[in-house]
Each structure stands twice: as C-alpha cells, then as structure tokens.
Amino acid sequence: MKITIDERPESSGIEVAIVCRKTDQQVLDIVARLRMFDRKVTGSADGGTHVVNAEDILYVESMDKRTFFYTEGAVFETALRLYEMEERLEGCDFLRVAKGCVVNFRRIASLRPEMNGRLVATMDNGEQVVISRQYAPDVRRKLGML
C-alpha cells in the first residue's frame, strides 16, 4: 500500500481518495475505519453528557426500552433507540448480532460456537456477547466462513 499526502493551502478540509485496481475487503476495511474516525455519539453517565468516538464503543444494547452503549471502562445511556444508533453507526463496521444488540466488529477478540447454533463473541475487554442463531450466519459471512 502506498500512502501519499498532498498539502494544499487553499483546501478547506481533509479529503481522502483511495486509488485501487478493484474494491476488495481491504479497501472496504479502510473506508470503515475512516468513517469511524470522525463519527461521534453522545451518552449520559454520572450525571453528565459525554461525547464518545464510535471506535471506542464495544457494543450497543437495548434493555427495558432503554439503550446503552459500552466502552472499555464505562456504560452510557443514550436517548436514541437501538435502530437509530445502528443507523448512526452505519458504515463503521457495527453489526446486528441479536434483536437487542449491535457490536463493533473490530472490537471482537474471539468467537466461540455455542449450543443451538449460537456464537459467543469475546470483546477485546474480555466481556462476552451472545450472537443469536438468527444473526450468526451474518457474522460467519463477514468472517468469510460462508
């Protein structure tokens, strides 16, 4: 991979152009990382509102009509519904793994098969998330196992 930086004083912002022979998985991974770099979400914890980078989110979970997102060291509540968080994180390599859960695919450290066709994902902080039978094929497909 060749990286070129072209400084232009008249430029009003950062523009990233990817030149490739064919769009493959590596190109898609680079695009997902770039999108995640600039994506932020807000959540409340400890009586305050916090701005969190999408790349720091391990997973988003909906319970009892409330939505929470988890980072390595904290849990935040958001006013958004799960599908709204999923839309906000679209293109950032987040994947629905259960009716009430969306995970950051880049933060999965390992996967283990369970009974009844489910999978258990161990996140890079050691926390475990169950991937339901319904969504397990999507995860396997993303890994290139199907």
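The values are calculated or read from the model by the stated rules, or taken from the named source; none is laboratory data. Everything quoted here is computed from the prediction, not taken from an experiment. Note that we place each Cβ from the backbone using ideal geometry, even for glycine, and neighbour counts take in every protein chain shown. The protein model used for the area step is the full one, side chains on, heavy atoms only, and it has no ligands, DNA or RNA in it. Shrake-Rupley method; radii C 1.70, N 1.55, O 1.52, S 1.80 Å.
Scanning region 76-85 for residues that are part of a strand (DSSP E or B) and either modelled with pLDDT under 95 or crowded, with 18+ Cβ neighbours inside 10 Å (or both) returns F76, T78. The set of residues from region 44-75 being open to solvent by 20 Å² or more (accessible area, probe 1.4 Å), among the hydrophobic types (A, V, I, L, M, F, W, C) and under 18 Å from Q128 (Cα atoms) comprises M63, F68, A74, V75. Evaluating A17 against the criteria (1) aliphatic (A, V, I, L, M); (2) surrounded by 19 or more Cβ atoms within 10 Å (Cβ to Cβ); (3) over 29 Å from R140 (Cα atoms) leaves one unmet condition, (2). Within region 20-39, if we keep just the residues that are of a type in the set (K, R) and surrounded by 13 or more Cβ atoms within 10 Å (Cβ to Cβ), the residue that is farthest from L143 (Cα to Cα) turns out to be R39.
In region 132-146 there is no residue matching the filter, namely being closer than 21 Å to A54 by Cα, modelled with pLDDT of 90 or more, surrounded by 15 or more Cβ atoms within 10 Å (Cβ to Cβ) and in contact with a Leu (Cβ under 8 Å, 6 or more places away or on another chain). Of all residue pairs spaced 6 or more apart or on separate chains, those with beta-carbon atoms under 9 Å, a first member in region 76-104 that is at positive phi and in contact (Cβ under 8 Å) with a residue 24 or more places away in the chain and a second member that is in a strand (DSSP E or B) and buried (at least 19 other Cβ atoms within 10 Å of the Cβ) are D93/N104.
Restricting the search to region 92-121, which residues are surrounded by 15 or more Cβ atoms within 10 Å (Cβ to Cβ) and farther than 12 Å from K142 by Cβ? Walk me through how you get there before you give the answer.
As a first pass, look at region 92-121 and keep what is surrounded by 15 or more Cβ atoms within 10 Å (Cβ to Cβ): 92-98, 101-108, 111, 118-119, 121.
Across region 92-121, the qualifying residues are C92, A98, C101, V102, N104, R107, R118.
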